[in-house]
Amino acid sequence: EDVLIPFNTSSLPSGPWLVFAPHPDDETFGMGGTILKAKDEGIDTHLVVLTDGSKGGNALDLTKIRVNEVKRAAEILGLKSLACWSEPDRALYPSSDLTRKTSDIISSISPASVFFPGALEIHPDHRATAYIVWDSLRKLRSFGIVPEPFSYEISVQNPINLLIDITGQNEEKNMVMQLYKIRINNFVHSSF
């Protein structure tokens, strides 16, 4: 059982890391504490945000706001690089072009560990991201490129096999979460 369900916390996976987030903010809400722990341990972490986040609020300049928020978050999270692909929000769909683009960035960064949302996420962009990254990793394996895959939770519980203690990073993670004012305001207004 302990191979399938962790009963104890684990050390961090090998770096460098490449994290794929469907929207600006998913990296922080999903695994911000772990990214901060990686920063504390000197692990280079790269982030790719697939969509523009344009459906995540009502502001007229929402896409620009979301990009600025993720840039500020990336600084605090200590990310080595940030790429925003600006695919349309709520329209992310696995395609050969996105699989190729994902494979290309994995090949160019050459991470030891790749992180992406769990396949059981409810949001269609989260599931699409999981499929795109998994398909890219599967194809790269045939070329001998084999980073360790890890999925992370964003909005729903997924089966996990790695438990990371982020107690020491929790306060800073909460601070980074506050940068995403659009998402926080949406939660406040939709929680009634």
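Bear in mind that the values in this text are calculations on the coordinates, not laboratory data. Here the structure is a predicted model, which means the values were calculated and not measured. Note: ideal-geometry Cβ built from the backbone for every residue, glycine included; neighbour counts use all protein chains shown.
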Check your understanding: Residue by residue, what Karplus-based ³J(HN,Hα) values in Hz, rounded to whole numbers, does the stretch 106-119 have, using 6.51, -1.76 and 1.60 with θ = phi - 60° and x for Gly and Pro?
Key -> 4, 5, 6, 7, 6, x, 7, 9, 10, 10, 7, x, x, 5
Study note, to complete from the structure: Checking rank on 95-101, 48-54, with mean other Cβ inside 10 Å and highest first, the result is 48-54, 95-101
Practice item. Using a 10 Å cut-off on Cβ atoms, rank the peptides 67-73, 26-32 from the highest mean neighbour count down. Key: 26-32, 67-73
Review point. Can you list residues whose amide H is under 5 Å from E148's amide H, if they're 5+ apart or on another chain and H is modeled 1.01 Å from N?
Key: S113, V114
Review point. With each run of n ≥ 4 DSSP H residues scored as -39500 (n - 2.57), what mean residue ellipticity at 222 nm is computed for the chain after dividing by its residue count and rounding to the nearest 500 deg cm²/dmol?
Key: -13500 deg cm²/dmol
Practice item. Step through the residues of the stretch 96-102 one at a time and calculate ³J(HN,Hα) from phi using the Karplus curve (6.51 cos²θ - 1.76 cosθ + 1.60, θ = phi - 60°), rounding each to whole Hz and writing x for Gly and Pro. Key: 5, 5, 5, 5, 5, 4, 5
**Study point:** Nonlocal Lys pairs with alpha-carbon distance under 20 Å, the chain (8 or more apart, or different chains)
**Key:** 17
Check your understanding: How do 9-15, 113-119 rank on mean C-beta neighbours within 10 Å, highest first?
Key -> 113-119, 9-15
Check your understanding: Ratio of the stretch 1-137's C-alpha Rg to 2.2 N^0.38 Å, to two decimals?
Key -> 1.04
Exercise for review: For the chain, give the magnitude of the charge dipole about the Cα centre (Cβ charges: +1 Lys/Arg, -1 Asp/Glu; no others), in debye to the nearest 20.
Suggested key: 480
